[in-house]
1. Sort out which residues of the range 428-458 are of a type in the set (S, T, N, Q) and in a loop (DSSP other than H, G, I, E, B), and write them in order of number.
2. Applying the selection to the range 128-170, what residues are part of a loop (DSSP other than H, G, I, E, B), under 24 Å from ASP231 (Cβ atoms) and without any contact (Cβ under 8 Å) to a residue 60 or more places away in the chain?
3. Test of understanding: among SER399, SER425, which residue is part of a strand (DSSP E or B) and within 16 Å of ALA65 (Cβ to Cβ)?
4. So which residues in the range 57-114 are touching a Lys or Arg at 6+ places or on another chain (Cβ under 8 Å), under 28 Å from ALA136 (Cα atoms) and β-branched (Val, Ile, Thr)?
5. Quick one: how many residues across the range 225-258 are touching a strand residue (DSSP E or B) at 6+ places or on another chain (Cβ under 6 Å), of a type in the set (Ser, Thr, Tyr) and crowded, with 23+ Cβ neighbours inside 10 Å?
6. Looking at the range 175-183, is at least one residue closer than 30 Å to VAL274 by Cα and not basic (Lys, Arg)?
7. Pick from the range 286-307 the residues that are part of a helix (DSSP H, G or I) and free of Cβ contacts under 8 Å to residues at least 24 places away in the same chain: which of them is surrounded by the fewest Cβ atoms within 10 Å (Cβ to Cβ)?
8. Can you tell me which condition LEU90 does not meet? The list is (1) surrounded by fewer than 23 Cβ atoms within 10 Å (Cβ to Cβ); (2) touching a Gly at 6+ places or on another chain (Cβ under 6 Å); (3) part of a loop (DSSP other than H, G, I, E, B), and all the others hold.
Amino acid sequence: MKSCWIALMLVSATMAADKPNVVLLYADDLGYGDLSCYGSKTIATPHIDKLAAEGLRFTDGHCSAATCTPSRFAMLTGEYAFRQKGTGILPGDAKMIIPPGRATLASVFKDAGYQTGVIGKWHLGLGDGALDWNGAIQPGPLEIGFEHCFIMAATGDRVPCVFVKDHQIVGLDPADPIQVSYKQPFPGEPTGKANPELLKMHPSHGHDMALINGISRIGYMKGGKAALWKDEEMADTFTSQAVKFIETSKSGPFFLYFAAHDPHVPRVPHPRFVGKSGLGPRGDAILQFDDSVGTILATLDRLGLKESTLVLLSSDNGPVVDDGYQDKAVEKLGDHKPAGLLRGGKYSAFEGGTRVPFIVRWPAKVKAGVSSALVCQVDFPASFAALTGQPAPAAAVDSQNILPALLGTNINGRTELVEQGGPISLRIGNWKFIPASPGAAKNKSTNSETGNGPGPQLYDLSQDIGESQNLAKTQQDRVKDMASALEKARLEPGK
């Protein structure tokens, strides 16, 4: 009898190792240089550092786009967002841009028998274009493979400023219905533009419409007072929901997509983090994200799930300092470099736009270390399909199986990668090509580089990680070849 019990335990352990729980910790606007494990000397992120020390830290890990909506679209669908119209940065009342029933990263896990949940920032649209916020909020995450969701519709700086659980607004009072408009204000409702005396945080550009919790937003909103979030409590709310999901799914396997809002604007961290970074609200918000990570990792430890859980940490795009509010992020930046040695950041075609923190920890399978493999989030659907013994979804046309690189069993990742910033650029190995593109070299609002230029740009990243030496004039044959390869990649999925 004892031998049968031991055999059963061995089988269970093998199954857990081959079919791990998966937790995706996804920051918002977190730069390559924002973490101490990636070289920051001015901000300490001990929980993420511990994750990196116990796992595989990638030095060439990418999201697929330098802004949030297209990046998240590509990660979940396995298709570059530039192939689909309407995948730019969405307003808060946009209809859902991933068609219900389409295969996604979530459905890959669901089909493999996983419990699936998304918690945090969504920003991929909700409803079918004529959504009544006071009724059933659908289609949404539940229609593309998630079985549980607790999300914000878009971003903290966009209305509606409420949480959605599954198909319902959390805490909505039917006697105080929500109205949302991105066209015109509601009479009698305060706005940041008309009532600056009511603001506790002033906009630096835009962001002067609906005034909620002392902060003006993009878009107008009326009603739903009992359901409004408090920005200072948002991170704790999302983190507690993540802990609850893990606790209720602990028998496994489960997939959790934890999409934090930090350090996206408006940066209004909980009082226990205020002033702790020395870098103002942006730095404090990074500390808050690190704390959320620590709480989730501690939950896995407490439940005995560390060995059987693959944890992946990354960001939706590179960093931005002033993104619409006067929060002293620029004034207090000091020597801190949010993109590290990289050039550019959010909105940019340079490496700082898409090269982001990228860490994988799975104690049962992944040996701790550092990898220089070129990896991208667009490959998650194909790679995790392989992990769970399934074929890649047919609709994931740009997703490649890079599972060996993610697990550290192979030093080779992708050979080519399309990066969507301002202009769409191409990586082939360590060579980076940005085609000539009209438009301003800098984003006027954020003062960040776009990558636009009158002529082609070519960089050898093995020698020039900061993209300071344009070799296009001396490497004209390579420019021609990469221009042709980029055009082919744009037209032919799978590159």
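The values are calculated or read from the model by the stated rules, or taken from the named source; none is laboratory data. These figures come from a predicted structure and were not determined experimentally. Heads up, the Cβs are rebuilt from the backbone with ideal geometry, glycines too, and the neighbour counts pull from every protein chain shown.
1. Within the range 428-458, ASN430, ASN443, SER445, THR446, ASN447, SER448, THR450, ASN452 qualify.
2. Our first condition is that a residue be part of a loop (DSSP other than H, G, I, E, B); within the range 128-170, this holds for 128-140, 145-147, 153-157, 159-161, 166-167, 170.
After this cut, where a residue has to be under 24 Å from ASP231 (Cβ atoms) as well, the list is 131, 133-134, 137, 140, 153-157, 159-161, 166, 170.
Correct list: LEU131, ASN134, ILE137, GLY140, ASP166, VAL170.
3. Details: SER399 fails: part of a strand (DSSP E or B).
Selected residue: SER425, the only one of SER399, SER425 that is part of a strand (DSSP E or B) and within 16 Å of ALA65 (Cβ to Cβ).
4. THR77
5. The number of residues fulfilling the criteria is 1.
6. Just the residues of the range 175-183 that are closer than 30 Å to VAL274 by Cα, to begin with: none.
Within the range 175-183 (the criterion being closer than 30 Å to VAL274 by Cα and not basic (Lys, Arg)), the answer is no, since none of the residues qualifies.
7. Residues of the range 286-307 that are part of a helix (DSSP H, G or I), as a first pass: 286-302.
With the extra rule that they be free of Cβ contacts under 8 Å to residues at least 24 places away in the same chain, the set shrinks to 298, 301-302.
Working: ALA298: 13, ASP301: 11, ARG302: 13.
Selected residue: ASP301.
8. Only one criterion in (1) surrounded by fewer than 23 Cβ atoms within 10 Å (Cβ to Cβ); (2) touching a Gly at 6+ places or on another chain (Cβ under 6 Å); (3) part of a loop (DSSP other than H, G, I, E, B) is unmet by LEU90, namely (1).
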